[in-house]
Amino acid sequence: MQCDICGKKKATVHLTEIVDQQMSEMHLCEECARQKSVQMEQQFGLADLLAGLADMGSKTGTTTNKEAAAAAKTAALTCAKCNLSYDDFRKFGRLGCGHCYISFKEQLDALLKKIHGSNHHLGKMIAKTKKTVALPKNKKDDLSTLRQDLQEAIHSEDFEKAALIRDKIRDLEKKDK
Amino acid sequence: MRLDDLINHTGEWLKGTGPYAHIVTSSRVRLARNLSSFPFPNKCSKKELDEVLETIDKAVSQIDLLKDCANLHISDLDSVDRQFLVERHLMSHDHASNPEGKGLVLSKEEILSVMINEEDHFRIQVMQSGLNLTETWKIINALDDALSSKLGYAFYPEWGFLTACPTNTGTAMRGSVMLHLPALVMTKQINKVLTAISKLSFASRGFYGEGTQASGNFYQISNQVSLGHSEEDIIQNINGLIKQIIEQEEQARQALQLQNRPMLEDKICRSYGLLKHAHIISSQETIELLSMVRLGIDMGILSDVSHKTINQLFLMIQPAHLQKIEGKKLNAFERDTKRASLIRQKLGG
Ligand SMILES: [Zn+2]
Ligand SMILES: [Zn+2]
């Protein structure tokens, strides 16, 4: 049997892949299988999901200028901390830092829900909750809460937390513009 | 601990004991964790990667549970040693192929390993023999608690542990069970079972050697969802699913036996005979034959060979293992002859 990818070498690796409940068998040579296994890990459904999400909104009939503008705005989003653009995240499927979760909160909220069927963590918490900051719950009334949190953090000299909150305020202000 | 010491051992998780060991070879739980003060590895500079490695190495050295572990930097290892660790399921292929800034912490019995600077800052893995996810979770949870007291994790209460890939966010836990399902394959029911598994949001793949080798009727089943459920719930769900698959495999084994015992005996004993007497053998052929021998032990057809020996052979017949045993590089043909002689020696052929 020849390899399904290169069609040259003998297939020695037989993989079963299940995508969207469809099972397919692949017969590969050792070399192609190695490349494939790296790819598979990386793509594992994610590329499709991301593409699907990106298409949401534009798929339903004619795209209005407003929708197109919103999509362009999303693509141009960039994480303030690591400089990753949302567009690059969509291409490669990897976030650049913890702060990306704040920078792309709206988009990730929908994405996580799509991947996991939930966007709420129910697993273990970590002991040092001081180090963590609650994510904004909804955009409007959050700025005031965040500013309050910021004052508190500065007051208690927790500057790491303060910096995180400051970044979030900046992000929110940017979005509101 | 020296890497070469591992050759003469079989990892604790391959000893062939534990619940349902006739069908389940091993259970594994993996947790992904990131530090809050660095970008994820894909966005780290070389200098930052080294700093992450140093930070985690330091935390590891302060933890009692990890006292006797080997602490390796992948760039210090040659290509055979790297491949050797991949073949033993102690690190991923990806980790081996881009060694810069990467580390591996490894316990002597190979129960636990920590990959540093793979896709996430670190990934803890604990493996046990048989269907043993609950115990495995307890061990890894304790280890995670110890590490989290030394390291600031990237974590938000609403979304849990933050990971480079959003498919891992939340518990960032992956529980996997490796199953040997020859009877479901022989009775052509395996596709039906795998399709059912995928409908329940579990991932399955034909498995041997992380996708780089033939399957030999081994399948790895793991959870795909990591957010919205507690770790205990996820593990309970996997356990429930695995027990159903075990039941199906057992029924299929019964059916094979009732249908045509002589044919089954013939297939198994021929496989055993080939392994005992071959002088040149590929890894592909070996894995298929070993799978039959394993089934023969389970069904009481073969009695002079143990699960442990077979599990050990599954490891030792791989390319890097053969080369480490021989102490030099071997080409494909040399490996095929060395493999055959090793099997003859182990099975007393
Ligand atoms: Zn090929
Ligand atoms: Zn970022």
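The values are calculated or read from the model by the stated rules, or taken from the named source; none is laboratory data. Computed from a prediction, not measured in an experiment: that's the story for all the values here. When we count neighbours, we look across all protein chains shown, and the Cβ atoms used for this are built from the backbone with ideal geometry, even at glycine. Remember, those area values only see protein heavy atoms, side chains included, never the ligands or the DNA or RNA. Shrake-Rupley method; radii C 1.70, N 1.55, O 1.52, S 1.80 Å.
Which order do B:68, B:78 take when ranked by solvent-accessible area (1.4 Å probe, heavy atoms of all protein chains), largest first?
On the way: B:68 115, B:78 85 Å².
The ranking, largest first, comes out as B:68, B:78.
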Handout entry: Whole-percent carbon and sulfur share, accessible surface of the range B:3-249, 1.4 Å
Key = 46 percent
Practice task
Would you check the accessible area of residue B:2, probe 1.4 Å, heavy atoms only, in square angstrom rounded to 10?
Solution key: 150 Å²
Problem - HN-Hα J in Hz across the range A:104-118 - Karplus 6.51, -1.76, 1.60, θ = phi - 60°, x for Gly and Pro - result: 10, 3, 4, 5, 5, 3, 5, 5, 4, 4, 5, 6, 9, x, 7
Problem - Amide H within-cut-off set for residue A:4, under 5 Å, with H built and near neighbours excluded - result: A:27, A:28, A:29
Handout entry: Exposure of residue B:185 as accessible area (Å², to 10), given a probe of 1.4 Å and all protein chains
Key = 50 Å²
Practice task
Would you mind working out the magnitude of the charge dipole of the range B:221-315 relative to its Cα centre, with +1 at each Lys and Arg C-beta and -1 at each Asp and Glu C-beta, to the nearest 20 Debye?
Solution key: 420 debye
Problem - Selected from B:55, B:24, B:9, residue furthest toward positive end of dipole (the range B:1-64; charges at beta carbon) - result: B:24
Exercise for the section: Scan around residue B:40 for amide H atoms under 5 Å from its own, H built in the peptide plane at 1.01 Å from N, and keep only partners 5 or more places away or cross-chain. Expected result: A:97, A:98
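Counting Lys and Arg as +1 and Asp and Glu as -1, each charge on the Cβ, what is the dipole of the range B:109-179 about the Cα centre in debye, to the nearest 20? Intermediate values should be presented prior to the final figure.
On the way: 4 positive and 9 negative charges, 17 e Å.
Dipole of the range B:109-179, to the nearest 20 debye: 80 debye.
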Handout entry: Whole-Hz ³J(HN,Hα) from phi, Karplus 6.51 cos²θ - 1.76 cosθ + 1.60, for the range B:155-169, glycine and proline x
Key = 7, 10, x, 5, 10, x, 7, 8, 10, 4, 10, x, 6, 9, 4
Problem - Non-local Lys pairs in the range B:186-303, i.e. 8 or more apart or on different chains, that have alpha carbons under 27 Å apart - result: 7
Practice task
Would you mind giving the total buried accessible surface between chains A and B, with a 1.4 Å probe and ligands, DNA and RNA left out, rounded to the nearest 100 Å²?
Solution key: 4800 Å²
Practice task
Read phi for every residue in the range B:132-147 and hand back ³J(HN,Hα) as whole Hz from Karplus 6.51 cos²θ - 1.76 cosθ + 1.60, θ = phi - 60°, with x for Gly and Pro.
Solution key: 8, 5, 5, 5, 4, 4, 4, 4, 6, 5, 5, 5, 5, 4, 4, 5
Problem - Contact order relative to length of the range B:5-132, as percent, for alpha carbon pairs under 8 angstrom and 6 or more apart - result: 43 percent
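Can you compute the charge dipole magnitude of chain B about its Cα centre, using +1 on each Lys and Arg Cβ and -1 on each Asp and Glu Cβ, nothing else charged? Give it in debye, rounded to the nearest 20. Walk me through the numbers on the way to the answer.
Numbers: 38 positive and 41 negative charges, 201 e Å.
Its charge dipole is roughly 960 debye.
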Fill in the blank from the handout: When the charge dipole of chain B is computed with +1 at the Cβ of Lys and Arg and -1 at the Cβ of Asp and Glu, the Cα pointing farthest to the positive end, of B:116, B:105, B:189, is that of B:189
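Given an 8 Å cut-off on Cα distances and at least 6 residues of separation, report the relative contact order of the range B:3-249 as a percent. Numbers along the way, then the final one.
Working: 443 pairs, mean separation 61.5, N = 247.
Rounded, it is 25 percent for the range B:3-249.
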Problem - Accessible area (Å², per residue) of the range B:1-104, counting only protein heavy atoms and a probe of 1.4 Å - result: 42 Å²
Fill in the blank from the handout: For residue B:215, other-chain or 5+-apart residues with amide H closer than 5 Å (H placed, Pro excluded) are A:14
Handout entry: Highest-MSF residue in chain B out of B:167, B:134, B:17 [GNM, Cα springs under 10 Å]
Key = B:167
